[in-house]
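S.K.: What follows is a structure written as structure tokens; I'll ask about it next.
The values are calculated or read from the model by the stated rules, or taken from the named source; none is laboratory data. Note that this is a predicted model, so its numbers are computed, not measured. Virtual Cβ from ideal backbone geometry, glycine too; neighbours counted across all protein chains shown.
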């Protein structure tokens, strides 16, 4: 396989994957990219096969509700890969979709011909097999040719099954670890309802009541919501009915929001890692369908969901999940975080994770790009 003029079919199904995908694309200016992505990958030159939002679904019940769309998109993607004849299929997160697409390719006669000609399947973001369903590691080894994990401790879970696995560091760590937090005297409260429509619809009514309660008690606070393309229109329409003014900012300004926020109230997800790197005091909230909550409790093997809590093995960020994600509980945690001593302790704890986010040999996008270029 040549070091230049690679053709890569790239797939990202979420905002965090779209950001990393765009960075990888910029690290490979001589490569040709086709595939699926969002606004960041579009700005990097990708013409997405279909809107990335079609893949931004989470939760057992939510996936079932979108089964017809996902099935159609899987078939469409398989056909597009066969037509494109890429050197690599590079999938970023969205594991269910990625495995379905590659599984069908491996079984199809056209896919087998492409594999025999040298096409390879690389995946970014190791499933958290250390948290639940460890058997997935073996399944990944059967589907993918290479896996890019974030952390060194994840590698052995996959290499034991023969899957070539490389730890690259957390993709959002480049330039963020050590970013100065300036929100101690700020009157800004960041409200972050997530990037998936399903989670945003569940959290926005709760956040409305939280915002109105905080404003009633302390009118000095100002509220800001960073938006992403998948949910921007919905959030804009929703806040029109709120009694408290809300400022919306584009996704590319979100780090300025995080580092200047007095307190953030955020949906569980990549944002919690971003804020942990900046040392933003935050409360993590997540609401799911009750059946999804029950299923999660049956299989999850760890106590925390926020990555910084997992890495440090303690509850640095308070987590209010499922039935605990109530207005009353959020306000109670908010009141605690207004005390200087509590905030100081949280910021000190967050700083203890600084050395765990990055690899010494470069940014994740650069490591992945160099690995693709050097592949034989």
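S.K.: For the stretch 106-116, indicate whether the set of residues that are buried (at least 18 other Cβ atoms within 10 Å of the Cβ) and farther than 18 Å from residue 168 by Cα is non-empty.
M.R.: yes
S.K.: Inspect the stretch 329-339 for any residue being closer than 18 Å to residue 265 by Cβ, in contact with a helix residue (DSSP H, G or I) (Cβ under 6 Å, 6 or more places away or on another chain), at pLDDT below 95 and surrounded by 17 or more Cβ atoms within 10 Å (Cβ to Cβ) and give the result as yes or no.
M.R.: No.
S.K.: How many residues does the stretch 152-179 hold that are in contact with a strand residue (DSSP E or B) (Cβ under 6 Å, 6 or more places away or on another chain) and not in a helix (DSSP H, G or I)?
M.R.: Residues flagged as in contact with a strand residue (DSSP E or B) (Cβ under 6 Å, 6 or more places away or on another chain) and not in a helix (DSSP H, G or I) within the stretch 152-179 amount to 6.
S.K.: Name the one entry in 211, 200 that is assigned to a helix (DSSP H, G or I) and touching a helix residue (DSSP H, G or I) at 6+ places or on another chain (Cβ under 8 Å).
M.R.: Being assigned to a helix (DSSP H, G or I) and touching a helix residue (DSSP H, G or I) at 6+ places or on another chain (Cβ under 8 Å) holds for just one of 211, 200, which is 200.
S.K.: Could we say that residue 118 is over 20 Å from residue 273 (Cβ atoms), in contact (Cβ under 8 Å) with a residue 60 or more places away in the chain and not in a helix (DSSP H, G or I) here?
M.R.: So residue 118 passes the test.
S.K.: Determine if the stretch 351-358 includes at least one residue that is more than 15 Å from residue 152 (Cα to Cα) and free of Cβ contacts under 8 Å to residues at least 60 places away in the same chain.
M.R.: Yes, the stretch 351-358 has at least one match.
S.K.: Just to be sure I understand, how many residues within the stretch 180-191 are in contact with a strand residue (DSSP E or B) (Cβ under 7 Å, 6 or more places away or on another chain) and more than 14 Å from residue 343 (Cβ to Cβ)?
M.R.: Within the stretch 180-191, residues that are in contact with a strand residue (DSSP E or B) (Cβ under 7 Å, 6 or more places away or on another chain) and more than 14 Å from residue 343 (Cβ to Cβ) number 4.
S.K.: On the given criteria, is residue 71 part of a helix (DSSP H, G or I), at pLDDT below 95 and within 25 Å of residue 145 (Cα to Cα)?
M.R.: Yes.
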